[in-house]
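Let me begin by presenting the structure, written as structure tokens, before commenting on it.
The values are calculated or read from the model by the stated rules, or taken from the named source; none is laboratory data. All values derive from a computational prediction rather than experimental measurement. Cβ coordinates were reconstructed from backbone atoms using ideal geometry, including for glycine residues, and neighbour counts include every protein chain displayed.
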Amino acid sequence: MARSTGGLKSGLYIEGLGETIAAFKRLPKDVRDEADEQVRAIAQMIASETRSAASTAAENKAADTIKAQKNSVSLGGGGKRNRAGNMALGTEFGGRARKTTQQFRPHRGKDGYFFWPTIRANSGRIVQMWDDVMDRAVERWSRGG
């Protein structure tokens, strides 16, 4: 069951996820590799959808920093000196609390303007797709590979 944790990292809690991942790691490598490819495809789809949700010039520029990782999607890159990443995060979460963040819309806390709203709106579907990948991997393993 998925529920929101309010966390900035993922915003989702999936009951039994830790146990599922531990069991997944015990599957044969070829089964894991196939599932990893499918999870990567889900991440690429989510990255594409969050990029498409950008509706302003600033959001479109921020969308350029959205990257699909092996099993996740990130916005902004990393590091304090990453100017494009800092601009992307300011565009997503807002600012105006400091003199240096006046160019952004009002701060929204963890809610976001386009990236996180898209993730949250699709969280049920994302969890279901991930669950389907895991079910297929276990089914393949149970058939002998």
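Couple of notes before you dig in:
- Being hydroxyl-bearing (S, T, Y), within 27 Å of N71 (Cα to Cα) and under 14 Å from the mean Cα position of the chain (by Cα) holds for only one residue in S142, S123, and it is S123.
- No other residue among R143, R83, R98, R120 is under 30 Å from K29 (Cα atoms), among the basic types (K, R) and out of contact with any helix residue (DSSP H, G or I) (no Cβ under 6 Å at 6 or more places or on another chain) apart from R143.
- Counting the residues of the range 42-58 that are of a type outside the set (D, E, K, R), part of a helix (DSSP H, G or I) and either surrounded by 17 or more Cβ atoms within 10 Å (Cβ to Cβ) or out of contact with any helix residue (DSSP H, G or I) (no Cβ under 9 Å at 6 or more places or on another chain) (or both) gives 9.
- Pairs with Cβ under 7 Å, 6+ apart, first in the range 1-27 and closer than 21 Å to L75 by Cβ and among the polar types (S, T, N, Q), second surrounded by 14 or more Cβ atoms within 10 Å (Cβ to Cβ) and modelled with pLDDT under 50: none
- Among the residues of the range 70-94, just one is assigned to a strand (DSSP E or B) and crowded, with 18+ Cβ neighbours inside 10 Å, namely V73.
- Some residue of the range 2-9 being modelled with pLDDT of 90 or more, in a loop (DSSP other than H, G, I, E, B), closer than 24 Å to R125 by Cβ and among the aliphatic types (A, V, I, L, M): no
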